[in-house]
Amino acid sequence: MSLTDDLLSQLQGAPLQQVSQQLGIDSQQASGAISAALPLLMGALGNNAAKPQGAEALLGALQNNHSGLDIGGVLGSVLGGGSSPATNGAGILGHIFGGNQGRAETGLAQATGLSQGNSSQLLKILAPIVMAYLAQRMAGGGNQASAGGLAQILGQEKQQVTQAGGIGGGLLGSVLDQDGDGQFGVSDLIKLGSGLLGSGKR
């Protein structure tokens, strides 16, 4: 099971309800949006960790700010307006996406039908959860937590996201395509999104 699928399964039930209430959308739309946002976040982290200094910085952040936290507690703190480094979604997103944060938020909104505000808010809610989850995985992995190990895990995850395609894979391609040569157009993304989402809408 991929990291994304594992984390997604942990967010079913009460966490999903909390997120949908926070955003003011129904749980089905929230579920679809989380399913698109998680691979985007994981894949972008994989991209960052592919650079040695990126993996070092990410491992440091996980160990210093996010270790020992459980996902439910982080979610409660984020929704309650907590302001520690572990729950600072905006700050974490800045590190994950850098100058592409706006593109990530817009792409997610267009692919899932969320408003721009909800798309931005959802990423800010999920970013601390993804970091807490990764910190748990590194702590409980048995293998010596190292930047190389983290880079390997996230590199595999990014590859899985890209190969799986779907909304998450398409979003990741469009956000990370910084030089624009293989531009994954927004129109393609909307077609992809409406095809996938249309089948789930009643």
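The values are calculated or read from the model by the stated rules, or taken from the named source; none is laboratory data. As the structure is a prediction and not an experimental result, all values here were calculated from the model. All Cβ positions, even for glycine, are placed from backbone atoms using ideal geometry, and neighbour counts span all protein chains on display. The area values use the complete protein model at the heavy-atom level, side chains included, leaving out ligands, DNA and RNA. Shrake-Rupley method; radii C 1.70, N 1.55, O 1.52, S 1.80 Å.
Per-residue answers, yes or no, for (1) at positive phi; (2) without any contact (Cβ under 8 Å) to a residue 24 or more places away in the chain; (3) over 14 Å from the mean Cα position of the chain (by Cα):
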site: LEU16; (1), (2), (3): no, yes, yes
site: ILE25; (1), (2), (3): no, no, yes
site: LEU38; (1), (2), (3): no, no, no
site: LEU41; (1), (2), (3): no, no, no
site: ASN64; (1), (2), (3): no, yes, yes
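Among the residues of the range 70-113, which ones are of a type in the set (A, V, I, L, M), in contact (Cβ under 8 Å) with a residue 40 or more places away in the chain and buried (at least 18 other Cβ atoms within 10 Å of the Cβ)? Don't jump to the end; show me each part of the working.
Initially, the range 70-113 is screened for residues of a type in the set (A, V, I, L, M), giving 71, 74-75, 78-79, 86, 90, 92-93, 96, 104, 108-109, 111.
If we keep only those that are in contact (Cβ under 8 Å) with a residue 40 or more places away in the chain too, we end up with 71, 74-75, 78-79, 86, 96, 104, 108, 111.
Of everything in the range 70-113, those that are of a type in the set (A, V, I, L, M), in contact (Cβ under 8 Å) with a residue 40 or more places away in the chain and buried (at least 18 other Cβ atoms within 10 Å of the Cβ) turn out to be VAL74, LEU75, VAL78, ALA86, ILE96, ALA104, LEU108, ALA111.
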At pLDDT below 90, among the polar types (S, T, N, Q) and farther than 23 Å from LEU16 by Cα, is that true of GLN144? yes
Just one of GLN121, GLN160, GLN136 is modelled with pLDDT of 95 or more and open to solvent by 10 Å² or more (accessible area, probe 1.4 Å); which is it? GLN121
Count - residues of the range 43-53 that are in contact (Cβ under 8 Å) with a residue 12 or more places away in the chain and surrounded by fewer than 22 Cβ atoms within 10 Å (Cβ to Cβ): 4
